[in-house]
Amino acid sequence: MDYKAPVESYSGSVREVTIGQGSKAVKIGGESKLAYNFFDEGSIPNPPRFALEVRDTEPDNWAPWVLEPYKDVVSDPVKWAQKCVEYGAEMVCLRLASTDPVGKDASPKEAAEAVKKVADAVSVPLIVYGSGDDKKDAEVLPEVAATCSGQNLLLGPALKENYEVIAKAAQEHGHTVIAQTPLDINLMKELNIKLSKTFPPERVVIDPLSSGLGYGMEYSFTIMERTKHTGVMFKDAMTQMPIIADLAEECWKTKEAKASKEQGILWESMTALSLLLAGANIVVLRHPETLGLVREILKQE
Amino acid sequence: MILIGESIHIISKGVSAAVKERNKKPIQDLAVAQTEAGAHYLDLNMGPARKNPEETAEWLVKTVQEVTDLPLSIDTLNPVAMEAGLKACTKARPLLNSASGRTDSKEEMLPLAKKYNTDVVISVLTDRGCPPDVDSRVESIMDTVAYANELGIPNEDIWVDPILLPVSADQKQVLEALEFAKILSDILPGIKSTIGLSNLSNGTPEELRGILNRTYMTMLGRYGFYSAIADVLDQELVRLNRGDLPQIVDVIHRAMDEEDLDISSLSQQEREYVKTVSTLLGRTLYSHSWLED
């Protein structure tokens, strides 16, 4: 008797979201089947995209082996971002650590000008993360949105506390928004519903929070996987946004990653590969060798 | 459905303070309000009653019996308080709330139901916690009910509690409890049933809790569910239960049967009930904004 492999087809699909403008524009999402289910019906029009991380201030607690590839550029975000592109990043993820109110507490204007310089200097789309302080981000991100008007940055995190003001600025100035919720699929959907009342859902990317391997990664995996299940299999319009896995910091702050270079790169790679299997559409990495390793493994698919 | 008024609950600050100070008024006000609202039983939840369990239970029962003739549901996990509470019930046959499949409960609570000839709530909880699905709920309840029968407690005196968890915490468990309710009378003929209805909406924004509770009550009622420990101060819940809102019951039943019910011709209120059914059946992922989904 012949064996016939079961083939699933799904009724829903993830929204296709464009980040960046003009020649820099990159599409993510759009898949109508689950990640790496190459045997099922449906398509995955856009492969997952990889970003490398840049900070707007010199990091002070990075392991030497993750600082090493950037050692000549860490004091200059523009050069640092260009270096990331040289290393093969399809996007640059700029983290506005300087604006953290418990740190340097840089002004929104200062931060926004720095973002503009980076955005203008690189040939790839830019992801911008504020400090995560909801009040400060509510001042910083609208300023960034206005200063970089029309460049279609991917801006976040928009939280339940501050999504309105961030979405309004992103709407006015043509940007895309990262909606972030703390490892909870019900709250994730809740924020998407609220955001979508005034903001186009096809310009939203979900950040469910990405924990590192050994530090709760399975929670992130489950939420990403369930998000794709409800969106692609059950057509839930409010979970059909692409997902960003912002995992670099969560991997590199572990004692394992700080113990040796090889271990650090493997830690980041394993976390990235796992979350890609769960359906992540953008992965934020830190070490260029991780990027190389993950890409090489995916090629052997 | 028999409605057991839930408002005299030790977690409520007003109740807790009143019990502590032996202040009858706030407790009696709640008892009267629930009696007038249409409750069939009143639940007296005294929690673990660590301090003076006997005296507290006796005081609470007497206080409530001064103002109402309704039967009482004595709600504590403390067997000493339970016995004192049951003993103090002089007006109507009380309900022991609750026993379970836990070893200590089988040994210390169930015999009290026999001794005082009461009705008894038996939940599906076991020493291992809450059974995760229908099959394990069935396994647990068959075992505990058989044990109760051997003690001489007939099925007719047993009110099975499937244990309802908040939909905001575990949507799947809501469906498991409903599926269990559906088959309960087939597996245990003559058995009664009850459920802590408001736990469904624990964690949901206050103003949205009612519709969740009311919808689930109506869904359970369709399967012949016997009673619920509920917020009888919710007038719409009482009216719905009394049969005053047949069009809402009808729309809930239709939504249960038809996944793609056309809602365009329905009123705003009916649409909200349809969306709530959809969420409670796990057809859509729960969020606090399910009515706007």
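The values are calculated or read from the model by the stated rules, or taken from the named source; none is laboratory data. Owing to the predicted nature of the structure, the values given are computational and were not obtained by experimental measurement. With ideal geometry, Cβ positions are generated from the backbone for all residues, glycine too; neighbour counts draw on all protein chains shown. Each accessible area value is taken on the protein alone, full model and side chains, heavy atoms only, with ligands, DNA and RNA left out. Shrake-Rupley method; radii C 1.70, N 1.55, O 1.52, S 1.80 Å.
Taking the criterion of being closer than 20 Å to residue B:176 by Cβ, within 14 Å of chain A (Cβ to nearest Cβ), touching a Phe, Trp or Tyr at 6+ places or on another chain (Cβ under 6 Å) and assigned to a helix (DSSP H, G or I), would at least one residue in segment B:235-254 satisfy it? Among the residues of segment B:235-254, not one is closer than 20 Å to residue B:176 by Cβ, within 14 Å of chain A (Cβ to nearest Cβ), touching a Phe, Trp or Tyr at 6+ places or on another chain (Cβ under 6 Å) and assigned to a helix (DSSP H, G or I), which makes the answer no. Based on what the data block shows, is residue A:256 closer than 21 Å to residue A:84 by Cβ, modelled with pLDDT of 95 or more and away from every other protein chain (no Cβ under 14 Å)? It is false that residue A:256 is closer than 21 Å to residue A:84 by Cβ, modelled with pLDDT of 95 or more and away from every other protein chain (no Cβ under 14 Å).
For segment A:182-209, taking the residues that are outside any helix (DSSP H, G or I) and open to solvent by 10 Å² or more (accessible area, probe 1.4 Å), the one that is farthest from residue B:204 (Cα to Cα) is identified as A:200. In segment B:163-182, the residues that are more than 11 Å from chain A (Cβ to nearest Cβ) reach residues that are of a type in the set (Gly, Ala, Ser) and in a loop (DSSP other than H, G, I, E, B) with C-beta atoms within less than 6 angstrom, at least six apart or across chains, in these pairs: B:175/B:282. Each residue in segment A:1-31 was checked for being open to solvent by 30 Å² or more (accessible area, probe 1.4 Å), at pLDDT 95 or above and within 15 Å of residue A:239 (Cα to Cα), and 3 of them qualify. Based on this model, can you work out whether residue B:198 counts as open to solvent by 10 Å² or more (accessible area, probe 1.4 Å), within 27 Å of residue B:12 (Cβ to Cβ) and among the small types (Gly, Ala, Ser)? Taking the combined requirement at face value, the residue satisfies it. Quick one: is residue A:279 at positive phi, away from chain B (no Cβ under 14 Å) and open to solvent by less than 10 Å² (accessible area, probe 1.4 Å)? Taking the combined requirement at face value, the residue satisfies it. Condition test on residue B:224, is it at pLDDT 95 or above and closer than 30 Å to residue B:122 by Cα? Yes; evaluated as a whole, the condition is true for this residue. Checking the stated criteria, residue B:157 turns out not to satisfy the condition of being more than 14 Å from chain A (Cβ to nearest Cβ), at pLDDT 95 or above, out of contact with any helix residue (DSSP H, G or I) (no Cβ under 8 Å at 6 or more places or on another chain) and open to solvent by less than 30 Å² (accessible area, probe 1.4 Å).
Given the condition in contact with an Asp or Glu (Cβ under 7 Å, 6 or more places away or on another chain), without any contact (Cβ under 8 Å) to a residue 40 or more places away in the chain, aliphatic (A, V, I, L, M) and surrounded by fewer than 23 Cβ atoms within 10 Å (Cβ to Cβ), answer yes or no: does some residue in segment B:72-82 qualify? Yes, segment B:72-82 has at least one match.
Go through segment A:231-267 residue by residue and tally those that are open to solvent by less than 20 Å² (accessible area, probe 1.4 Å) and either in contact with a Ser or Thr (Cβ under 9 Å, 6 or more places away or on another chain) or within 23 Å of residue A:61 (Cβ to Cβ) (or both). Matching residues across segment A:231-267 total 16. Exactly one residue among A:59, A:64 is closer than 21 Å to residue A:115 by Cβ and without any contact (Cβ under 8 Å) to a residue 40 or more places away in the chain, and that residue is A:59. Taken over segment A:123-152, the criterion of being under 18 Å from residue A:57 (Cα atoms) and of a type outside the set (Asp, Glu) is satisfied by A:126, A:127, A:128, A:129, A:130, A:131, A:132, A:136, A:140, A:141, A:144. Pairs are defined by a Cβ separation below 9 Å, a sequence spacing of at least 6 or placement on different chains, a first member in segment B:20-35 that is assigned to a loop (DSSP other than H, G, I, E, B), and a second member that is among the small types (Gly, Ala, Ser); the pairs so defined are B:23/B:17.
Of all residues in segment B:114-142, those satisfying the criterion of being within 19 Å of residue B:185 (Cβ to Cβ) and either of a type in the set (Val, Ile, Thr) or surrounded by fewer than 13 Cβ atoms within 10 Å (Cβ to Cβ) (or both) are B:120, B:121, B:122, B:124, B:134, B:135, B:138, B:141. Restricting attention to segment A:174-227, the residues being within 12 Å of chain B (Cβ to nearest Cβ) and touching a helix residue (DSSP H, G or I) at 6+ places or on another chain (Cβ under 9 Å) number 17. Cβ-Cβ contacts under 7 Å between residues 6 or more apart (or on different chains), taken from a first residue in segment A:74-90 that is closer than 21 Å to residue A:294 by Cα to a second residue that is assigned to a helix (DSSP H, G or I) and among the β-branched types (Val, Ile, Thr), are listed as A:81/A:118.
The single condition from (1) within 14 Å of another protein chain (Cβ to nearest Cβ); (2) not in a loop (DSSP other than H, G, I, E, B) that residue A:160 fails is (2). Restricting segment B:261-286 to residues that are in a loop (DSSP other than H, G, I, E, B) and under 20 Å from residue B:178 (Cβ atoms) leaves a set whose member that is farthest from the other protein chains (Cβ to nearest Cβ) is B:261.
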